[in-house]
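The values are calculated or read from the model by the stated rules, or taken from the named source; none is laboratory data. None of the values given here were measured: they were computed from a predicted structure. Positions of Cβ are backbone-derived with ideal geometry, glycine not excepted, and every protein chain shown enters the neighbour counts.
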Amino acid sequence: MSRKLTVVLFAMLVLAGAMGLKTAVSASGKPTVVATGMPAPWPW
Amino acid sequence: MLGPVDWIISLLSVLFEASVVVCSLRRKSFRRHFFLNLYMSINVLVSAGQFRVLMHYGRSSLEYRYFYFYSEALLIIVLYFALTGLYLKVFEEMRVERYVRLGAVLLLAGTACFTYAVVSQSSHRMLTYFVFELSQNLYFVGLVLTYALWGAIVKLKETRALLVQFVLSLGVYFSAYAASYAMSNLRPDLYSYIFRLFPIIGCLLPLAWAYAIWRVPEDARLAPARLAVVPR
């Protein structure tokens, strides 16, 4: 298998894994992005 | 209303973020870790902007909400590039930079397409939903990529201590958020308590990076924990 195909396969696997994990972790519908230390908006 | 603890944590977070950039400048390694420093620099600017909007409009205002989530999306995209930079460092001896860049662009484009496909059902405020969903999706892509990078580091027996420290702290940062959200998903009644942990977790990444840049020399190598005896 060529390197380019390997890269495409890896990208698809990562995307599928990430979306699966997101579904499992944030099924309650709460926002999950908090990159800074500033307080998140309240209420959601 | 925000209490004194919230303000102290926010202030510490900005101080730690700024200290990463200052330590890099003092160590003359700003360009070597360009994307990490770019991420921290933008983080400081975003925190200052969020503080200004928060003071002006209030925490529950629409303005603060828009500013907060749009700036978070920008930060997550820069963090994604910082992670790509770590991939380039780990694989630099294999001379596959072209493929790493190709993979990063493909994954970013794939995530954007997937997000568009999900939010295209909603015609009302589509751009806002797109930005918000994209940043969430990129966060989880970053989480999986960090674990994959750690696997590559273990497999390639990477010994550069600074690089290992960067990746491990990023892994702890992503994992702590994921664990917090999983916990709040399992126990929704605890969400109001777990919610308070997020700014503290946000402080840990810049603290770990600042410590690594300040204390770990650029050429430091990890000693192997044990040597395997291979029969001839």
Any pair with Cβ under 6 angstrom, 6 or more apart, that starts in region B:32-49 at a residue that is away from chain A (no Cβ under 13 Å) and ends at one that is not polar (S, T, N, Q) and not in a helix (DSSP H, G or I) | B:ASN37/B:PHE30
What are the residues in region B:121-147 that are at pLDDT below 85 and among the small types (Gly, Ala, Ser), if any?
-> B:SER122, B:SER123
Got a number for residues in region B:159-179 being closer than 19 Å to B:ARG215 by Cα and either outside any helix (DSSP H, G or I) or among the small types (Gly, Ala, Ser) (or both)?
-> 4
Going through region B:6-36 one residue at a time, which ones are closer than 26 Å to B:MET55 by Cα and out of contact with any helix residue (DSSP H, G or I) (no Cβ under 9 Å at 6 or more places or on another chain)?
-> B:TRP7, B:ILE8, B:LEU11
Scan region B:67-78 and report the pairs whose first residue is closer than 16 Å to B:ALA48 by Cβ and more than 7 Å from chain A (Cβ to nearest Cβ) and whose second residue is aliphatic (A, V, I, L, M) and not in a helix (DSSP H, G or I), with Cβ atoms within less than 7 Å and a gap of 6+ or a chain change.
-> none
Under the condition of being under 30 Å from B:LEU2 (Cα atoms) and exposed (fewer than 10 other Cβ atoms within 10 Å of the Cβ), which residue from region B:187-232 is modelled with the highest pLDDT?
-> B:ASP189
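From the list B:VAL90, B:VAL53, which one is touching a residue at least 12 places away in the same chain (Cβ under 8 Å), closer than 29 Å to B:PRO217 by Cβ and either more than 9 Å from chain A (Cβ to nearest Cβ) or of a type in the set (Phe, Trp, Tyr) (or both)? If you could, list the steps in order and put the result at the bottom.
On the way: B:VAL53 fails: closer than 29 Å to B:PRO217 by Cβ.
After ruling out the rest, the residue left standing is B:VAL90.
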Counting only residues in region A:20-32 that are assigned to a helix (DSSP H, G or I) and more than 7 Å from every other protein chain (Cβ to nearest Cβ), the one modelled with the highest pLDDT is identified as A:GLY20
Residue check for A:ALA35: under 13 Å from B:LEU107 (Cα atoms) and either at pLDDT below 90 or within 7 Å of chain B (Cβ to nearest Cβ) (or both) = no
